[in-house]
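The numbers here are math on the coordinates, done by the rules we state, and not lab data. From a predicted model like this one, the values you see are computed outputs, not experimental measurements. Backbone-built Cβ (ideal geometry, glycine too); neighbour counts: all protein chains shown.
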């Protein structure tokens, strides 16, 4: 356990720029854009009969708006969540290759740490640490933006702070997003396993091996199907193999793979988007395809561990 | 004394090229063993086999363990410094100490810090900002703080200036080595290690060509500065090699009778470097 803690720290030292600073820089850009919009936008100058507009929102509408804000504020952090897929992808691609390329493998292997623990620490960094950091940054951006919106409304005569802060959704939304993490891990496993395996095996050109292999295989199958009239389903291969081992790390990929029913009717017309996503995400675990993919991911991680033991520096 | 390392008939192929071609030797504990050989003779491969860093055929027991199967357990007792710096460029001095302390049960933090205090290294310094000599200092600080039974050094002073090299071996002897420790070292700078070695292993073309203690070496090999009138007689005893110093032939003999040799001229104990050159002269031909 203690070793694992230090291995995770080690991964953070090495990849701080990628795993921590990239989300923060993008967060900075998002915040700058939104604030520029708020401050320099034309809203200040909207006038009615020569008077600045003052808005007063009361009653049910006020509650509805507070609820909507409490639900949707996380969307301000969406650009940050979007890059999570890229971060995890490139992290895994380099995880077991860089140490062989710069020969630091010899140093790490001169310490009493097993190959299994090392590879697992990289897996945990990819599917737990990286998503949690990104999620925290995204939620922080959302909070900043919703508070700024409240200040903005206050300047126009409506105080939403009380209503917003007393809405349970404000606190439930980030929790539900964290609650989707297990679903993310299961869907990401085939991709993470594939990338770690390629990273542990390839002597050079890791990216080409990782991306080229599934794409060329797919093209070959399409060609065999069209030209040689083999009874192959290249479309099935593309969507069930190639896409799963390349795109599984994109948050929400399961919505695309599994197309769960987004049940809009049962929500009593409230705007519980996060609950909708939460339920839909967990419902994808009912299908066997996620479990088959996860098992394949675990198998590829086992191969990566075996290769870490055998492969020498390049 | 029991054998710390027992290697029997180690074999390893890189493609068609045999890197190890039946290497057998033993290393007793409490010794400083020099594994000496020309480039490409299998030195590094032998060390990597001992450390569990490469696959091979043959029997190998290090501290009673098989490095192929038990690398993690073995690394509790074995330390390693490699030819070129193998510390990752992003590592900071303080992180390196924290990490090794975190994962190594036999690491003594105070020792490492004490050693680092005598260098120009600072806690926030990254490896990429260090000179080659400083990287080796950091690595040595980490390794000396580990109470290990075996220290493996693969060209540890390659590319260092003479000050760092001298200091390295001085630290190793004064602050690290004791009767419970064993050091296995490869280097091309034979002159610098010759006085600290207790045992010699010559390796040539993937085979051990000489295995002896330094005492045995000085008993077995004799150098004679032959007076001109005895050259023919000395040549008849088949010297290993012959060179000329100040116009006089110097001949190196293996296992010849010293009394007989002393008639030919002044006797000397050959340096390891001379011995190396004499025994390896055919290896590039």
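Annotations for the structure displayed:
- Separation of alpha-carbon centers, the stretch B:148-176 and the stretch B:239-285, rounded to whole Å: 30
- Rounded to 10°, Cα long-axis angle of helix B:93-103 versus longest principal axis of chain B: 90
- Averaged over the residues of B:121-134, the number of partner chain Cβ atoms lying within 10 Å of the residue Cβ comes to 0.
- Peptides B:239-250, B:85-96, B:157-168, ordered by how many other C-beta atoms sit within 10 Å of their residues on average, highest first, read B:85-96, B:157-168, B:239-250.
- Ranked A:13, A:236, criterion: other C-beta atoms within 10 Å, fewest first: A:236, A:13
- Packing-based order for B:45-55, A:164-174, A:178-188, using average beta carbon neighbours within 10 Å, highest first: B:45-55, A:178-188, A:164-174
- Counting, for every residue in B:138-145, the Cβ atoms of other protein chains within 10 Å of its Cβ and taking the mean gives 1.
- Antiparallel %, DSSP beta bridges [both residues in the protein assembly as shown], to 5: 70
- Taking the stretch B:222-240 and a reference point 7 angstrom along Cα→Cβ of residue B:262, the backbone N atoms nearer than 15 Å belong to B:222-225.
- Nitroxide proxy distance, nm - points 7 Å out along Cα→Cβ at residue A:143 and residue B:209: 7.1
- R0 of 41 Å, Cβ-Cβ distance residue B:9-residue A:298: FRET efficiency to nearest 0.05: 0.60
- Paramagnetic label reach from residue A:18 (point 7 Å along Cα→Cβ; backbone nitrogen cut-off under 16 Å): within the stretch A:71-100, residues A:83-100.
- As a calculated quantity, the FRET efficiency between residue B:28 and residue A:75 at R0 = 45 Å, using C-beta atoms, amounts to about 0.05.
- Packing-based order for B:97-107, A:97-107, A:215-225, using average beta carbon neighbours within 10 Å, highest first: A:97-107, B:97-107, A:215-225
- With R₀ fixed at 25 Å, the C-beta to C-beta distance from residue B:178 to residue B:158 puts the FRET efficiency at about 0.45.
- Looking at chain B alone, DSSP beta bridges between its own residues are antiparallel in about 70 percent of cases.
- Centroid-to-centroid, using Cα positions, the stretch B:49-76 and the stretch A:126-186 are 52 Å apart.
- Neighbouring partner chain Cβ atoms per residue of B:98-106, average, 10 Å criterion: 5
- For the stretch B:242-275, the residues whose amide N sits under 14 Å from a probe point set 7 Å from the Cα of residue B:229 along the beta carbon direction are B:263-265.
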